[in-house]
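Visitor: Structure provided below as structure tokens; questions to follow.
The values are calculated or read from the model by the stated rules, or taken from the named source; none is laboratory data. Given the structure is predicted, the values throughout are model-derived calculations rather than measurements. Counting neighbours? That spans all protein chains shown, and the Cβs are built from the backbone with ideal geometry, glycine included.
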Amino acid sequence: MVFHRLAFRYLYYTICSALYRHVELLAAIRSVHQGQTQLSPAVATRLVAGGRRCGPEPLTPHELEVLTLIGQGHSNGEIAAALTIAQCTVKVHVQNILGKLGAANRTEAVSIAVRQKLISL
């Protein structure tokens, strides 16, 4: 008799939790279908935690050096030679600069930096 109660309880809670997950899934599908955004709690927490920064991340001194040389028309190879660093390091700096400034290319990055008075040409 005790075994039957435990088995019944186990099945009851298993079915209820499965139904709850299905109800949540259906609600998420409906909200997405209506054009709303649906995020899991884990993703929402990451977004909130990552969004606490005040403004864009500043450029490092090395990135500013690279950006100044880009503005002067130097290639990656010339920048690497001038700063005595590897060309792949220059490429990493360029990618970081583009990301931090929200620029699509080197020319746009220089334009943004001049407007923000980060560099002068």
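Visitor: Restricting to region 89-102, count the residues that are closer than 13 Å to Val66 by Cβ and either in contact with a His (Cβ under 8 Å, 6 or more places away or on another chain) or surrounded by fewer than 19 Cβ atoms within 10 Å (Cβ to Cβ) (or both).
Guide: Result for region 89-102: 8.
Visitor: Can you pull out the residues in region 64-88 that are in contact (Cβ under 8 Å) with a residue 24 or more places away in the chain, surrounded by 15 or more Cβ atoms within 10 Å (Cβ to Cβ) and of a type outside the set (Gly, Ala, Ser)?
Guide: Leu64, Val66, Leu67, Thr68, Ile70 - these are the residues of region 64-88 that are in contact (Cβ under 8 Å) with a residue 24 or more places away in the chain, surrounded by 15 or more Cβ atoms within 10 Å (Cβ to Cβ) and of a type outside the set (Gly, Ala, Ser).
Visitor: Something else: Just name the residue that is farthest from the chain's Cα centre (by Cα) out of those in region 69-85 that are assigned to a loop (DSSP other than H, G, I, E, B) and closer than 22 Å to Pro58 by Cβ.
Guide: Ranking the qualifying residues of region 69-85, first place goes to Gln72.
Visitor: Identify all residues within region 86-111 that are more than 20 Å from the chain's Cα centre (by Cα) and assigned to a helix (DSSP H, G or I); write none if there are none.
Guide: Gln87, Cys88, Thr89, Val90, Arg106, Thr107, Glu108, Val110, Ser111
Visitor: If a residue must be exposed (fewer than 10 other Cβ atoms within 10 Å of the Cβ), small (Gly, Ala, Ser) and modelled with pLDDT of 70 or more, how many such residues does region 41-57 contain?
Guide: Summing the residues that are exposed (fewer than 10 other Cβ atoms within 10 Å of the Cβ), small (Gly, Ala, Ser) and modelled with pLDDT of 70 or more in region 41-57 gives 1.
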